[in-house]
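The values are calculated or read from the model by the stated rules, or taken from the named source; none is laboratory data. Please read these numbers as outputs of a predicted model, since none were measured by experiment. Heads up, the Cβs are rebuilt from the backbone with ideal geometry, glycines too, and the neighbour counts pull from every protein chain shown.
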Amino acid sequence: MGLYQTHRPRDLADVKGQKEAVGIIRGHLERGVFPPATLYYGPSGTGKTTLARYVCKELGCKPPNLQLVNAADDRGIDTVRSIRDKMGSAPLMGKYRIWIFDECHQWTSQAQSVLLEMLEDAPDHVKFMLCTTDPQKLLPTIRGRCAEIKTKELDEDDLYQALLSVCLKEEKLDLSKRVVKKTPEEKVLRLIAEKAEGSARAAIQRLDDISGLKTTEEQLRAIMLKDVKSWSKSIAQLLIDPEKTVWADVAEQLKGKTNDEAESIRQQIMGWANSVLLDQGIPKWAIKQGKKFAPNQKRMERAHRILEIFECLGPYDGGLHRLTRFCYEACNS
C-alpha cells in the first residue's frame, strides 16, 4: 500500500487546505442532518473521496452497505441500473446504504439520466456521494438535486505541512526526523510541494517515489524529471513551431509517461496553445523584452489546430495512448 493510502486523513483535523469544505461537513455533523445526495467537486488529488469516506464513517456506514463505484471503469447504463435495482433493499446493519460515485462525470448521458431518476426516487436509507473533477459535464438537473462541497488546490505551505506530517510518521523514510528548516531535506519537500500543482495525492505519491533514494541530490534530480509542466511545455513547443515539429522528438518526450499524467499533460498543452493564440503567435521572450514583432500567422494556425485535436467534447478516458495519438496527429497536420 502506498503512502497516500496509508496516510489518508482519518479525521477532519488532518485535512489540509480545505477550510470551507471542512466547515460545511462540520455543520452537517453538528446538526445531525446530511443531504440525500452530495456533490464533491474540485481538482484531482484534493480530497473529494477522502471527505466522502469520512462522512460515511460518521454515519456508521461501512462495507457492504458502503459501495465505491469508479465511473471511469463502469461508464455504461447497466452499472447504474444495477444500483437502482439494489437501492430499495434495507441496509444489513446501521441506518444507511451509501454509494460513492467517483469521476461520475464520465458516465454516459443515458447513465446520467438513470442516476437522476435514482436521486429523485431514493428511499430515506439511501445516500449518494458524487465526486468529480468536472462538474460541468453532469446534467444540470443532477447538480440541482445535490448539496455541493467544493475542494480546491492546496497552496505550497499546506502541501509542505502534509508532506512533513507523513515524514514524521513514516520512520522508513530517509527524510524522517531529519527535516528541519534550512536543510537539503526541507528543500526536497518544498520542491515536491511546488511541483505537485496543488494536489496532495500527487505530492505524497512523489514523496513515495523518491523515498528509496539515499541522497538529497538524487531525490531533487528525480523530482525535476517528473515535472509534468516542464514536459508539457517541451511537447507543446515542439508541436507549435513548424520548424521544430518532428515526431521522433515528441515521441521521446512521451516515453515513460503514465496514464495518470496524460490528462494533466493534455490540459497543459492546450493551455500553452491557447496562450500562443492570445499572444498572436509572438514568442513570450519577445513580449517580455518589449520587442515589436508582427503576428506570426503560422504559429497561430498551428496553435488553433492543436486546440482542435486535443479538445475533448466528451469524457476524456483514453489515457496515454490517446494522448500519443493526439500528438502524432498534430505532428502530421
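Brief remarks follow.
- Residues that are farther than 23 Å from THR141 by Cβ and within 21 Å of the chain's Cα centre (by Cα), drawn from segment 26-49: PRO43, SER44, GLY45, THR46, GLY47, THR49
- GLU103 meets each of the listed conditions (1) surrounded by 13 or more Cβ atoms within 10 Å (Cβ to Cβ); (2) free of Cβ contacts under 8 Å to residues at least 12 places away in the same chain; (3) acidic (Asp, Glu) apart from (2).
- Annotation note: Cβ proximity below 8 Å between a residue of segment 17-28 that is touching a residue at least 12 places away in the same chain (Cβ under 8 Å) and a residue that is in a helix (DSSP H, G or I) and charged (D, E, K, R) (sequence gap 6+ or interchain) occurs for GLY17/ASP158.
- Matching residues, segment 2-34, being in a loop (DSSP other than H, G, I, E, B), surrounded by fewer than 16 Cβ atoms within 10 Å (Cβ to Cβ) and at negative phi: GLY2, ARG10, ASP11, VAL33
- Qualifying helices (runs of 4 or more DSSP H) (wholly inside segment 51-149; at least 2 residues being among the polar types (S, T, N, Q) and in the same structural domain as VAL22 (by TED's automatic domain parsing)): 77-86, 109-121
- Just one of the listed residues (ASP157, ASP174) is at pLDDT below 90 and either within 30 Å of LYS214 (Cβ to Cβ) or part of a strand (DSSP E or B) (or both), namely ASP174.
- Sole residue being within 27 Å of ASP155 (Cα to Cα) and touching a Phe, Trp or Tyr at 6+ places or on another chain (Cβ under 7 Å), chosen from PRO135, PRO43: PRO135
- Residue tally, condition assigned to a loop (DSSP other than H, G, I, E, B) and either surrounded by 13 or more Cβ atoms within 10 Å (Cβ to Cβ) or among the small types (Gly, Ala, Ser) (or both), over segment 247-267: 2
- When restricted to residues that are at pLDDT below 70 and surrounded by 19 or more Cβ atoms within 10 Å (Cβ to Cβ), segment 232-246 contains 0.
- Single match in LEU220, LEU164 (criterion: in a helix (DSSP H, G or I), farther than 19 Å from HIS7 by Cβ and either modelled with pLDDT under 95 or in contact with a strand residue (DSSP E or B) (Cβ under 6 Å, 6 or more places away or on another chain) (or both)): LEU220
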